[in-house]
Amino acid sequence: MRRVLSAVFVVFLCAVTAHAALFTHFVIFGDSLSDNGNAYIGTAGAIPAPPLYTVGKFTDGSDTAPAGTPGGIWHEVLAGLLGQPVATPFLTGGTNYAVGGAKVLAGDPIIPSLSQQVGLNLAASGGHADPDALYVFWGGANDLYGAVETPGETAAGVAATETAVINSLVNDVELLHAAGARSFLWLNLPQLATTPRGAADPLNAALSQASTQFRTDLANETTLLAQTLGVGIGDVDIYGLYQSILANAAAFGYTNVTTPAQGLAVNPDQYLFWDIPSHPTTTGHRLIGLAADGAVLGTFAPEPATWAVAAAGLLLLVLVRHFRAA
């Protein structure tokens with residue numbers, strides 16, 4: 001019996017060790033959904049700040065009104081699940097380049113776009129991309145919201161913006177690959193037309209179509225880039241996740257998945273959305289982190305770790321049957 005328990009322990013230890021060593025670190029490119037301090041530092045602590053937001057992050061926490069359960073934003077959750085270090089703001093010397101308000105496409109004179117964030121990262125690393133790091137992209141919502149909210153914009157113009165966003169993200173991946181990067185993760189968008197911000201937007205039907213097309217295009221590019229560049233690239237289906245939540249909110253612990261909790265006398269842990277701009281609550285970030293974890297493990301988990309977990313499960317099954325027989 002002692003030998004069986006020792007074998008189970010060793011196998012699990014091997015699995016955990018392999019799991020924890022997937023990457024050296026994360027490099028994050030994105031907007032307010034991934035920003036954990038850059039906007040806060042850049043505005044001298046003005047945004048995001050209590051009581052509207054927890055310090056440095058565009059979500060709720062113990063210092064917001066109403067107070068929520070502290071839990072971090074999605075890639076911090078992912079780091080915890082994978083046993084990786086959290087990517088800290090690049091303005092403090094870290095590798096999280098995400099900034100609140102950022103778009104994929106360049107144009108803002110102050111806030112760096114995702115392509116500009118890639119440039120900042122390569123400049124900081126001397127033009128070399130660590131092949132053992134995970135390069136993460138999540139953006140596009142601000143581009144599409146901005147398109148449908150532009151006076152005089154047309155449905156064709158919104159569709160053109162979606163195409164340009166996809167092409168820009170692909171170019172970013174290709175640029176990093178040329179510099180040495182080999183592992184990527186990107187997230188598609190929820191159905192923006194059903195978010196608190198998107199539901200009230202003009203050209204709502206065009207926004208709906210663009211959100212759906214973004215999901216399809218990103219999935220297609222995932223396959224194409226993996227084949228042509230020979231890289232690992234995980235695609236996190238946020239669209240599918242949010243649709244599942246909307247279809248069965250109670251199964252995810254929610255009582256409200258259409259309006260924001262910010263400023264109300266409610267429990268934000270039971271709300272999907274924190275504010276009108278449609279940032280998720282910390283419970284929403286937790287679900288996104290779990291979805292990202294699934295995509296990472298499905299794409300990058302070494303086979304020895306997978307077999308180790310399976311072997312451990314078989315050993316435990318044998319042990320349980322032994323006790324029952326006894």
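Table: residues versus (1) in contact with a helix residue (DSSP H, G or I) (Cβ under 8 Å, 6 or more places away or on another chain); (2) outside any loop (DSSP other than H, G, I, E, B); (3) not acidic (Asp, Glu).
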site	(1), (2), (3)
Ala261	yes, no, yes
Ala265	no, no, yes
Asp269	yes, yes, no
Thr283	yes, yes, yes
Ile288	yes, yes, yes
Ala292	yes, yes, yes
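Looking only at the stretch 66-100, which residues are in a helix (DSSP H, G or I) and under 18 Å from the mean Cα position of the chain (by Cα)?
Within the stretch 66-100, Trp74, His75, Glu76, Val77, Leu78, Ala79, Gly80, Leu81, Leu82, Phe90 meet the criteria.
Residue by residue through the stretch 244-257, note down the ones that are under 21 Å from Leu187 (Cα atoms) and loosely packed, with under 14 Cβ neighbours inside 10 Å.
Passing the criteria: only Ala247.
Testing Arg321 on (1) assigned to a loop (DSSP other than H, G, I, E, B); (2) at pLDDT below 95, one condition comes back false. Which one is that?
Every listed condition holds for Arg321 apart from (1).
Search the stretch 225-238 for residues being open to solvent by less than 40 Å² (accessible area, probe 1.4 Å) and not in a helix (DSSP H, G or I), and hand back the single one that is nearest to Ala179 (Cα to Cα).
Per the criteria, the residue is Val231.
Report, by residue number, each residue of the stretch 193-215 that is free of Cβ contacts under 8 Å to residues at least 24 places away in the same chain and either among the acidic types (Asp, Glu) or part of a helix (DSSP H, G or I) (or both).
Listed by number, the residues that qualify are Ala193, Ser208.
Which of the residues belonging to the stretch 201-224 are touching an Asp or Glu at 6+ places or on another chain (Cβ under 8 Å), buried (at least 17 other Cβ atoms within 10 Å of the Cβ) and farther than 23 Å from Ile276 by Cβ?
Those that are touching an Asp or Glu at 6+ places or on another chain (Cβ under 8 Å), buried (at least 17 other Cβ atoms within 10 Å of the Cβ) and farther than 23 Å from Ile276 by Cβ: Arg215, Asp217, Leu218, Thr222.
Can you spot a residue in the stretch 9-23 that is modelled with pLDDT of 95 or more, of a type outside the set (A, V, I, L, M, F, W, C) and open to solvent by less than 60 Å² (accessible area, probe 1.4 Å)?
Within the stretch 9-23 (the criterion being modelled with pLDDT of 95 or more, of a type outside the set (A, V, I, L, M, F, W, C) and open to solvent by less than 60 Å² (accessible area, probe 1.4 Å)), the answer is no, since none of the residues qualifies.
Within the stretch 101-192, which helices (runs of 4 or more DSSP H) (wholly inside it) include 2 or more residues that are at pLDDT 95 or above and open to solvent by 50 Å² or more (accessible area, probe 1.4 Å)?
114-124, 155-179
Select, from Ile41, Ile47, the only residue that is open to solvent by 10 Å² or more (accessible area, probe 1.4 Å), at pLDDT 95 or above and in contact with a Phe, Trp or Tyr (Cβ under 8 Å, 6 or more places away or on another chain).
Unique residue meeting the criteria: Ile47.
Quick one: what pairs do we get from the stretch 261-283, first residue in contact (Cβ under 8 Å) with a residue 24 or more places away in the chain, second basic (Lys, Arg), C-beta under 8 Å, 6+ apart or different chains?
Ile276/Arg197; Pro277/Arg197; Ser278/Arg197
The values are calculated or read from the model by the stated rules, or taken from the named source; none is laboratory data. Here the structure is a predicted model, which means the values were calculated and not measured. Note: ideal-geometry Cβ built from the backbone for every residue, glycine included; neighbour counts use all protein chains shown. Quick note on the areas: whole protein, heavy atoms, side chains included, nothing else; ligands and nucleic acids left out. Shrake-Rupley method; radii C 1.70, N 1.55, O 1.52, S 1.80 Å.
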